[in-house]
Amino acid sequence: MTNKLKSVFLCMVAVVLVASVCLTACAGPTAPPEEKQPLRIVMFGDMTGPLAPMIGVIPLMFDDYFNWANEENGGINGHPVEAVVIDTKYDVSVCRSAYKKEKDAGMLLGMCGGASMVFMAVSQFAAEDEIPFVLDCLLSEGLYPPGWFYSLYVPTDDRVCGLADWFLKDWNESRKPRLALLMGDYGAGKAPSEAKWYLEKQGIDVVIEEIVPLNVTDTTDHLTRVRDANPDFIYDTLLVHQQKLALKDRVRMGMQDIPWYTFIVNYAGLSSMVRPEEYDGYVVLAETADSWQQDIPGVSFIDELWVKGGHPGEHAPNYAPPAHNMLAADAIKRALDKVGDENISGQAIYDALAQTKNFTADGLLLNPASFSKEKTRGSDYIQLVQLHKDGPPTIIAKDVPCPWNLKLRAEAGQ
Amino acid sequence: MAIRRPAGIFDSTYDKDMAIVRTRAQWGMLIAFLILLCVVPAFVSERWLAVVSTIAVYIIAVHGVNVVTGYCGQISLGQAAFMAVGAYSSAILSGMFGVPFLFCLIIGGVAAGLAGIIFGLPSVRVKGYYLAIATLAAQFIIMYLIIIPYPEITGGSNFLRVPPATLGGITFTSESSSYYLIMFVAVLVTFFVKNLARTRVGRAFVAIRDNDLAAEAMGINVFRYKLLAFFIGCFLAGIAGSLWAHYCRAISPDDFSFMKSLWFVGMIIVGGMGSTLGPILGVVFIQILNELVTDAGPALSAVFPQVGVNVTAAMVQISFGLVIVLFLVFEPRGLAHRWEIFKSSYRLWPFSY
């Protein structure tokens with residue numbers, strides 16, 4: 001290479017270098033993509049303890065849902081979700097101290113996973129600390145008087161009120177109908193006792209209140225007492241392992257002719273554990289869809305999440321917890337849209353929850369839910385779904401309204 | 001107690017022999033400890049203050065189990081239910097009738113003590129497993145009575161709201177004010193139980209525990225003292241229940257479960273039966289461990305997200321159980337015994353004999 005060519009080449013290199021330095025300088029600093037502040041949502045649920053076999057799936061579904069939200073959507077409005085699961089072990093003291101810790105850690109929204117203990121431990125603080133809660137349990141006391149707790153569920157005592165009104169519509173005999181309450185031994189399970197005043201006011205005789213222990217291995221003695229009370233219909237709040245025993249004993253004791261209603265059912269779980277002739281005729285008071293309704297987009301989506309989470313079975317055991325997760329995500333999104341990324345707070349989420357209207361959770365809710373600050377119970381209706389031995393379940397009554405027991409009771413001065 | 005002291009150190013008067021706090025150094029440590037209890041709220045977060053308050057309530061209840069089981073040798077599996085009697089009595093009296101807190105506290109204790117006498121009656125005839133079953137019945141009968149017959153009074157299966165404790169114009173609503181109230185009662189109860197063990201009554205309890213036939217032969221009224229042990233043990237449970245109700249300001253039957261009764265027994269086994277220090281160490285050990293495993297679950301999930309929250313929750317619970325099992329294998333006489341060994345070694349150091 002001649003000296004002249006060398007000079008030209010060096011000049012060109014110099015020009016390129018200077019140009020690139022100038023361009024880089026003009027472009028400004030190349031900061032890494034801005035990471036938005038994480039949103040801390042805490043699930044207080046029983047993963048161990050006496051209720052864990054029945055409600056331990058709720059924290060699992062919470063974890064699955066927000067993992068999916070982080071992976072697929074980058075969180076909520078670009079904010080990663082810190083989804084924290086606290087194992088509360090059905091223990092008030094653990095709930096209380098965990099709540100205090102999470103409050104200090106910047107919890108924006110709390111979720112109660114199935115057990116009433118959390119509500120009991122934190123009910124006095126939530127409004128004071130401005131931390132809203134989504135109650136993923138059927139606890140009527142959590143919703144009335146209205147406060148910072150919202151739920152899509154119709155509580156167990158409200159359900160029996162709705163059932164009673166529906167049952168009375170076709171009652172033609174001159175005597176009062178006789179109702180037996182067969183209740184699981186846990187907070188919301190025993191709550192139908194609280195509706196006795198309403199049932200009696202409506203003209204129903206509650207002839208027996210039977211409490212079935214959580215660790216029951218045989219329900220014969222309970223059903224014997226129920227049968228001896230000669231009820232016209234039975235309402236139970238039994239959990240799936242209790243339902244399994246009771247349905248078997250029902251057939252063995254020849255009680256299939258008594259109409260029998262239950263507060264909730266895990267259809268996939270029950271139908272895999274109980275013979276079809278044992279659950280034949282059993283009626284579920286449902287406000288959320290179930291695994292037999294695969295045509296509902298929310299159901300197939302939740303089943304996909306369940307399988308992806310590596311849990312046993314191809315169907316999720318319950319579709320109400322995901323609906324509550326969706327409600328939480330939806331409220332946070334609307335709060336972020338309204339107040340902006342920097343001003344997100346518990347108060348903003350509380351306001352967004354209160355402004356929820358016609359929420360369907362991708363069809364998981366059979367009737368759309370709406371809230372206000374005075375109405376923290378989202379669903380007002382249930383559907384009566386009957387199970388059959390030789391075919392899929394059928395809906396025997398749609399849009400059965402459920403009175404708000406505690407509110408009516410307070411208004412009646414009871 | 002004049003054992004395990006270096007040679008040449010002995011008591012020269014009966015007062016010295018009976019003293020709980022024996023030396024100036026011990027007085028200094030006691031005063032320092034009480035000052036430490038007073039300044040705790042200034043240094044710990046609300047979360048740990050809640051933990052300490054819970055520990056103090058449980059210490060009172062477990063002192064009750066210790067009186068019945070540790071001192072008198074009568075097994076009791078219904079302590080949580082007796083705590084419920086105190087809690088509900090106090091809640092109903094203060095909430096419905098506006099009775100002042102101090103009276104509620106005492107009446108709650110007395111009501112639980114009387115319930116304890118009723119369910120302690122079988123102890124006159126039966127012992128061991130049979131008595132365990134009789135006291136187990138207390139757990140279920142009392143909870144049934146709270147839930148079913150009078151829900152309009154007790155709240156049934158739902159929550160019963162309880163007003164905060166008020167004393168001398170002070171309303172104990174904040175975490176720190178509640179802490180002072182609960183801790184004061186816990187210290188008082190500990191002092192009472194420590195002295196009870198040194199009285200004629202306490203010695204009668206121990207005699208019955210060691211051999212009830214021999215105790216009767218020596219002129220101890222076994223019937224009376226067994227029932228007295230049940231009364232005192234359940235009275236303390238009632239006091240704990242009353243404090244718990246006014247601290248939580250909402251109670252429900254689910255908070256006084258059979259599991260809690262079992263844990264109370266577990267706490268004195270871990271701490272050491274038949275000593276005043278045992279319940280304190282047992283409750284502190286179990287509750288702190290419980291808090292740590294509660295924290296460990298989310299921490300493990302954050303580090304190993306692929307493992308799944310159910311697995312981490314199970315793992316920490318297994319480790320909780322393992323710690324307790326290992327502890328019972330290697331120190332079956334409880335933490336209090338280990339503490340005694342430590343103190344003796346310290347006093348005699350560097351001469352181990």
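The values are calculated or read from the model by the stated rules, or taken from the named source; none is laboratory data. Because the structure is a prediction, the values reported are computed rather than measured. Positions of Cβ are generated from backbone atoms using ideal geometry, with glycine treated the same way; all protein chains shown enter the neighbour counts.
Report, by residue number, each residue of the range A:135-149 that is under 15 Å from the mean Cα position of the chain (by Cα) and outside any helix (DSSP H, G or I). Answer for the range A:135-149, where residues must be under 15 Å from the mean Cα position of the chain (by Cα) and outside any helix (DSSP H, G or I): A:LEU135, A:ASP136, A:CYS137, A:LEU138, A:LEU139, A:LEU143, A:PHE149.
A quick yes/no check of all residues on (1) modelled with pLDDT of 90 or more; (2) more than 21 Å from A:LEU214 (Cα to Cα):
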position	(1), (2)
A:LEU139	no, no
A:LEU143	no, yes
A:PHE149	yes, yes
A:ASP158	yes, yes
A:SER174	yes, yes
A:GLY189	no, no
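Scanning the range B:329-343 for residues that are assigned to a helix (DSSP H, G or I) and over 17 Å from B:VAL284 (Cβ atoms), which turns out modelled with the lowest pLDDT? For the range B:329-343, the residue satisfying everything is B:LYS343.
Here B:SER319 does not fit the description of being over 30 Å from A:LEU60 (Cα atoms) and out of contact with any Asp or Glu (no Cβ under 6 Å at 6 or more places or on another chain).
Residues that are over 24 Å from B:ILE133 (Cβ atoms) and among the hydroxyl-bearing types (Ser, Thr, Tyr) number at least 2 in the following helices (runs of 4 or more DSSP H) confined to the range B:1-90: B:46-65. Apart from one condition, B:PRO279 fits all of (1) more than 21 Å from B:ALA132 (Cα to Cα); (2) touching a residue at least 40 places away in the same chain (Cβ under 8 Å); (3) more than 14 Å from chain A (Cβ to nearest Cβ); (4) in a helix (DSSP H, G or I); the exception is (1). Among what's in the range A:113-134 and is within 15 Å of A:VAL85 (Cα to Cα) and at pLDDT 90 or above, pick the residue that is nearest to the chain's Cα centre (by Cα). Filtering first and then ranking leaves A:VAL134.
Of everything in the range A:93-107 that's surrounded by 24 or more Cβ atoms within 10 Å (Cβ to Cβ) and within 7 Å of chain B (Cβ to nearest Cβ), which residue is nearest to B:ILE318 (Cα to Cα)? So, considering only residues that are surrounded by 24 or more Cβ atoms within 10 Å (Cβ to Cβ) and within 7 Å of chain B (Cβ to nearest Cβ), the one nearest to B:ILE318 (Cα to Cα) is A:VAL94. Here the helices (runs of 4 or more DSSP H) wholly within the range B:141-252 that include at least 2 residues being surrounded by fewer than 22 Cβ atoms within 10 Å (Cβ to Cβ), of a type outside the set (Phe, Trp, Tyr) and more than 12 Å from chain A (Cβ to nearest Cβ) are B:175-196, B:200-210, B:212-217, B:222-248. In summary, helices (runs of 4 or more DSSP H) completely within the range A:316-414 and bearing 3 or more residues that are within 30 Å of A:PRO38 (Cα to Cα) and of a type outside the set (Phe, Trp, Tyr) occur at A:320-339, A:346-354. Would you mind finding the one in A:ASP380, A:ASP390, A:ASP362, A:ASP341 that is closer than 30 Å to A:GLU200 by Cα, away from chain B (no Cβ under 14 Å) and of a type outside the set (A, V, I, L, M)? The match here is A:ASP380. The combined condition, being away from chain A (no Cβ under 14 Å), modelled with pLDDT of 80 or more, within 22 Å of B:MET83 (Cβ to Cβ) and surrounded by fewer than 23 Cβ atoms within 10 Å (Cβ to Cβ), is fulfilled by B:ILE269.
When you check A:PHE149 against the structure, is it buried (at least 24 other Cβ atoms within 10 Å of the Cβ), more than 12 Å from chain B (Cβ to nearest Cβ) and either touching a strand residue (DSSP E or B) at 6+ places or on another chain (Cβ under 7 Å) or among the hydrophobic types (A, V, I, L, M, F, W, C) (or both), yes or no? Answer is yes for this residue. Picking from residues in the range A:399-414 that are surrounded by fewer than 18 Cβ atoms within 10 Å (Cβ to Cβ) and more than 15 Å from A:LEU285 (Cα to Cα), the one that is nearest to the other protein chains (Cβ to nearest Cβ) is A:GLN414. Candidates in the range A:226-245 are the residues that are part of a strand (DSSP E or B) and among the hydrophobic types (A, V, I, L, M, F, W, C); of these, the one that is farthest from A:ALA191 (Cα to Cα) is A:PHE233. Somewhere in the range B:255-266, is a residue within 14 Å of chain A (Cβ to nearest Cβ), under 25 Å from B:SER176 (Cβ atoms) and outside any helix (DSSP H, G or I)? No: zero hits.
Scanning the range A:290-312 for residues that are surrounded by fewer than 15 Cβ atoms within 10 Å (Cβ to Cβ), assigned to a loop (DSSP other than H, G, I, E, B) and within 14 Å of chain B (Cβ to nearest Cβ) yields A:GLY310, A:PRO312. Residues in the range A:190-220 that are in contact with a Phe, Trp or Tyr (Cβ under 7 Å, 6 or more places away or on another chain) and of a type in the set (A, V, I, L, M, F, W, C): A:LEU214 alone. Of all residue pairs spaced 6 or more apart or on separate chains, those with beta-carbon atoms under 8 Å, a first member in the range A:173-197 that is polar (S, T, N, Q) and a second member that is in a helix (DSSP H, G or I) are A:SER193/A:ASP157; A:SER193/B:ILE147; A:SER193/B:PRO151.
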